[in-house]
Amino acid sequence: MKTPKKDIISQVSKVDRPKLGKSVPIEIFRVFRHYTQIYAKDLLGDRAKNILFINAGKELGKSIGLRLLDKDLGMYIDKVKKFVEQEKIGILKVVEVSNEKLVFQLDECITCAGMDYIGERICFFEVGIVAGIVEAFLNKKVLAQETKCNANGENVCEVTVYLK
């Protein structure tokens, strides 16, 4: 049985930490993310782990996209870029737009910017977020993949979204 989708953003946005506040160090976020990915890989296998994180990110991306939705693509992308930077996910740049694909780069990626080289791409959650944001605008499914990653020594995270 599939879990019903709720407005998870509204639920988790309610924070009651009068002394500690809403922020946590990025290291804590990364440790949580990376250990969760390692555990998911051990439990489900590498491919299933990737799909799990991409799909979770996609759901978040759709929620974000629907909140920021604009009929004009340029305005929509500007809103998304502002949101991504404001929430300190990274600095989103659109580097290619065609009928076949959209290519986004994420500088200062929350998951991996500044990490040592580990020889693999790891930002599956971010891939899903970008895919979900695009799906919210187009109102159709897309395929997305990480084509560059800081953790793989490529100096930027890049997500390519295939439209066909």
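Quick note: the coordinates plus some simple rules give every number you see, no bench work behind them. A quick note: this is a predicted structure, and the numbers were derived from the prediction, not measured. Positions of Cβ are backbone-derived with ideal geometry, glycine not excepted, and every protein chain shown enters the neighbour counts.
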Amide H to amide H, which residues 5 or more places from residue 144 or on other chains are under 5 Å from it, using H placed in the peptide plane? 162
Which Cα, out of 147, 111, 83, lies furthest along the positive dipole direction of the stretch 25-162 (beta carbon charges, K/R +1, D/E -1)? 83
Placed amide H near residue 101: partners under 5 Å, 5+ positions off or other chain: 163
Go through the stretch 140-156 residue by residue and turn each phi into a ³J(HN,Hα) via Karplus (6.51, -1.76, 1.60, θ = phi - 60°); whole Hz please, and just put x for glycine and proline. 7, 6, 9, 10, 9, 8, 7, 9, 8, 8, 4, 5, 9, x, 9, 6, 6
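By its C-alpha gyration tensor, with a ≥ b ≥ c as the square roots of the eigenvalues, how is the chain shaped: rounded for a/c under 1.5, else prolate for a/b larger than b/c, else oblate?
On the way: a/c = 1.29, a/b = 1.10, b/c = 1.18.
Since a/c stays below 1.5, the shape of the chain is classed as rounded.
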For the pair residue 14/residue 87, report the inter-label distance in nm, with labels modelled 7 Å from Cα in the Cβ direction. 1.9 nm
Beyond 21 Å between alpha-carbons counts as too far, so tell me which of 81/164; 62/82; 71/101; 14/81; 58/101 fall in that bin. 81/164; 14/81
Quick one: Karplus J couplings for the stretch 45-56, per residue in order, coefficients 6.51, -1.76, 1.60, θ = phi - 60°, nearest Hz, x for Gly and Pro? x, 4, 5, 5, 4, 4, 4, 4, 6, 5, 5, 5
Order of 8-20, 70-82 by packing, highest average Cβ count within 10 Å first? 70-82, 8-20
List the relative contact order of the stretch 25-162 as a percent without decimals, with contacts defined as Cα pairs under 8 Å and 6+ residues apart. 27 percent
Around residue 75: net Lys/Arg minus Asp/Glu count, Cβ-Cβ under 15 Å: +2
Cysteines (scope the chain) whose Cβ has no counterpart Cys Cβ under 4.7 Å: 112, 123, 149
